[in-house]
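Have a look at the structure below, then the notes.
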Amino acid sequence: MNIIPRPFETKVKDGNTCFSASTRVNCDFDIIKSELNFLDFEEGEVNDITFKIGETDFDYELTIDGDITVVAKTEEGLFHGCQTLKQLIFDGYRDGVATLENCVIKDKPRFPYRSFMLDIVRHFFDKEVIKGLIDILALVKINRFHLHLSDNQGYRVESTAFPALNEKANFRPGTKGDGVPVGGYLTKDDVREIVAYAGERFIEVVPEVDLPGHTLAFLLAMPELGCTGEQYTPTESYGIDDRILSAGNEKVYDFVEKLLTELSELFPSKYFHLGGDEVPKSQWRQCKKCQELMAKEGLNDCEELQGYFTNRVINILKSLGKTPIVWNEALYSGILDDSAICQYWSDGKKATAVRDALASGRKMYVSRTFPYYIDYPHGMNKLKSTYNFEPTSCFKGVSAENIDENIMGVECPLWTEWVADVDKLHCQAFPRTIAVAETGWSTPEKDYKDFEERLYNVLGMLEAYEIGYTHPKKANPNPFKALGETLSFLINMIEPAAIKSLINARDAKKGMKK
Ligand code: ACM
């Protein structure tokens, strides 16, 4: 049956069942009733569809046998059953009536954490774009939406605690001198609307404020938070910037506490991502206050200073009732608080530090650059590679129990340095996000051909939602095309600032303790 993610167990039975305007909907949940209303239906056979809370060992059970019944212990389970049914209805829909094969589906997820990330800093995308993405994420049972809200190029939420962020830190006159201005931010009402829209669809919106690196935007608004106090101008480049928040200035911790408090009021998610990736320490090494703090706290090097900084932010988040998440570089100080979940994206070929952290019980989810970075062209991360990737394969040598207990799931990040419009955004996101959704939900067996056959039904639904995608043929380019895409992606990145970024990347890795 054309369902993505592939259900845990499907038994097809004899006969068909009709879903039409004459089907009586018995359901106490408005969101499910409205979800079923996604096509124009005509009158047909009279029958019943019933969504009911009840006992089951699964996330939901769907029975189609003349009538349609969905049973789950929770409303979330019923919602998931409804998404499966929507796909079947779309597949069987002709002339106002859907004809469904009789079946019994028993379904449950492999991983609890199934996430998509959008960077709204490098290019800004508004609430309507975000809600459009949420519709598709819900359809494939993704349950986290990670919003990257701050970076060198901007801070993208209204702030009443720090209005200067909106006045000075969310606009740049162009990118690499192209003269096309980029700006914008979500108002607090926009955030509330997004969070509510996602929440109704059982998707938790996880905010990220990247700290202490990727923080030039904060310094544009408040130069006193940097090591030099210098007033910088907005950057038109990407990559790794060495102008970062000071770790030795108490005002920085006050700022972070106020900012995270303001955001925590807006984002009710249990989780809060505090970044921690790519932190060059050259300014910290030259900064009197940072050096004094290191001496006072007995910190041996700037890597430990990042650990100290991050742990203080973690304490703030804990006091706000949040579970912190960090990118994997935050592990390298060796002193990271145990409560922080690690998002694994890049740890060298052998993922040594990440593997050791997992082996010693750190919770983790996987978004490894190759093949989960869906901002990369299909020539670099083909749909087939993204689909076939087994997230636990990175942790050779770690016990099966540790993997089972500590790998929470998967995420595909969509950075937007080179994604300036909605069409491109959709074509980068889909169908690779759908492949990652299946890895997050379904049992690990992979059969790409079977996946692609099932995919066309969901892609038809994307068309109905007016959401773009890359055709699977283009999403699996031949080696010649793949090379062309890779070269043009890399050539696009070449600029004088890229050399500085490479130097900063080396610096960020210096002193890493693996
Ligand atoms: C990252 O891609 N810098 C997390």
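A few points about this structure:
- Principal-axis tilt of helix 127-139 within the chain, Cα atoms, nearest 10 degrees: 50
- Remark on the chain: 18, 27, 82, 103, 302, 342, 394, 412, 427 stand apart, with no other cysteine beta carbon under 4.7 Å.
- Magnitude of the charge dipole, the range 200-272, Cβ model with Lys/Arg +1 and Asp/Glu -1, debye to 20: 80
- Taking the Cα centre of the range 221-346 as reference, the dipole from Cβ charges on Lys and Arg (+1) and Asp and Glu (-1) amounts to some 240 debye.
- Positive-pole candidate from 51, 5, 23, dipole of the range 1-84, charges at beta carbon: 5
- Cα-based helix-to-principal-axis angle, 75-92 vs the chain, degrees rounded to 10: 60
- With a threshold of 32 Å on the Cα-Cα distance, the over-threshold entries among 322/510; 424/446; 73/188; 281/363; 13/73 are 73/188.
- Interchain or long-range residues, amide H under 5 Å from residue 97's placed H: 42
- Seen against the Cα atoms of the chain and their longest principal axis, helix 448-464 is set at about 90 degrees.
- Take every pair of alpha-carbon atoms less than 8 Å apart whose residues are at least six positions apart; their mean separation over the length of the range 381-514 yields a relative contact order of 32 percent.
- Using just its DSSP H runs of length 4 or more, each adding -39500 (n - 2.57), the chain gives a mean residue ellipticity at 222 nm of -12000 deg cm²/dmol after division by all residues.
- Relative to the Cα centre, the charge distribution of the chain, modelled as +1 at Lys and Arg Cβ and -1 at Asp and Glu Cβ, gives a dipole magnitude of about 1920 debye.
- Each DSSP beta bridge with both residues in the range 20-112 is either parallel or antiparallel, and the antiparallel ones are about 55%.
- Mean-position separation - Cα centroids, the range 292-320 and the range 389-437, in angstrom: 30
- Close amide-amide hydrogen proximity is noted between residue 13 and 102, 103, 104, each under 5 Å apart and 5 or more residues distant or on a separate chain (H modeled in the peptide plane; Pro and chain starts excluded).
- Summary of the geometry: the range 20-44 and the range 134-186, compared by the centres of their Cα atoms, lie 37 Å apart.
- Beta bridges from DSSP with both residues in the chain: antiparallel share about 40 percent, rounded to the nearest 5.
Taken together, the values in this text are just the output of simple stated rules run on the coordinates, not laboratory data. Worth saying up front: this structure is predicted, and the values here are computed from it rather than measured. Heads up, the Cβs are rebuilt from the backbone with ideal geometry, glycines too, and the neighbour counts pull from every protein chain shown.
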